[in-house]
Protein chains: 2
Amino acid sequence: MGEEKTLSSELVYEGRAVKLRIDTVRTPGGRETTREIVEHGDCVAVIAIDADDNVLLVSQFRKPVEKELLEIPAGGIEPGEDPVECVRRELREETGYLPRKVERLGGFYSTPGYCTEYLYLYLAADLTPDPLQAEDTENIRLVRVPLSQITGLITSAASVMPRALPGCWPFLSIGRRARGRLIG
Amino acid sequence: MGEEKTLSSELVYEGRAVKLRIDTVRTPGGRETTREIVEHGDCVAVIAIDADDNVLLVSQFRKPVEKELLEIPAGGIEPGEDPVECVRRELREETGYLPRKVERLGGFYSTPGYCTEYLYLYLAADLTPDPLQAEDTENIRLVRVPLSQITGLITSAASVMPRALPGCWPFLSIGRRARGRLIG
């Protein structure tokens, strides 16, 4: 076990959100091979809970999967941006609410076999309406789901899974306590 | 709201595991823009629980993030392969165990903003040793973690998050019941 030494690296594509590079590496066992690596910036995802114990979800069309998906609000951290600021910006852009309280819950690498993205998970509460102009939000629809129905939604084979929400589950029980702390 | 019509599509790169294409689309609002889309095959991830209520995790070096990560066993579904067969193959390759019982728990799109991958989640139990040759497994190390310690592992800021394991959390309580059903 051990790291793979990079022998050379070729940038194949550099786009707005995604870069693709091919690294030629030597494995710890001495074998030479290549790794296809998607570079994508780190992201935040937010469990935002309103005063009535609804989780704010967003529904939007996702071209890669050609479907409208129900997800927790999420988005990319801009260069130099603090993750907490990113949470506030993304939540406002996607739901029209600004949180007064934001708490880090954890995070994980989304698809570390081929992509660099790390996903930070946050809890947001004490939400106040602060909508943007309609032009910025036209393709995202806000959906409120009672916290008590979230498990059913995640584990229902019939439903489209909210992106990253399953990933937040271990934090939801913490989240409830944290929310009590944040709000109470 | 609605789908985005593809006006043209350019294949930028076609590799072993990853393709990259750029779609030019027209949004429902009539705007023309591009979407950078990583094509990656669907995957399985497995919560495998042994007779002593340990979850089988695997530790391996991941070049995209330049770290050794602790993850639940996971891997790509081969063309024509049934997801359950993939679970059995990947579990054997990565842990040296074959499950007698496999149950579908759910799944989700990993990063639907820019990638096509869907992750199927499975529970595996009734494990029997059936190791492969060492050459196939040299870069993966098996780590057994008691089920009772999994929450702490996931939510500990200090630990490296097991990939996709947080995503499995809502299924773990189901999993325990299912395991009872599977084994009992």
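Values for this structure:
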{"quantity": "Taking all pairs of distinct alpha-carbon atoms in the stretch B:93-134, Kirkwood radius in angstrom", "calculated": "12.3"}
{"quantity": "C-alpha center-to-center spacing [the stretch A:18-44, the stretch A:63-111] in angstrom", "calculated": "26"}
{"quantity": "Check: the stretch A:11-125 dipole with +1 on Lys, Arg Cβ and -1 on Asp, Glu Cβ, in debye", "calculated": "340"}
{"quantity": "The stretch A:1-96 pair-distance distribution - Cα-Cα, 10 Å bins, rounded %", "calculated": "13, 29, 26, 20, 10, 1"}
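Throughout, read-outs are computed from the coordinates displayed, never taken from laboratory work. The structure presented is a predicted model; accordingly, all values stated were derived computationally and were not measured. Cβ: placed from backbone, ideal geometry, glycine included. Neighbour counts: every protein chain shown.
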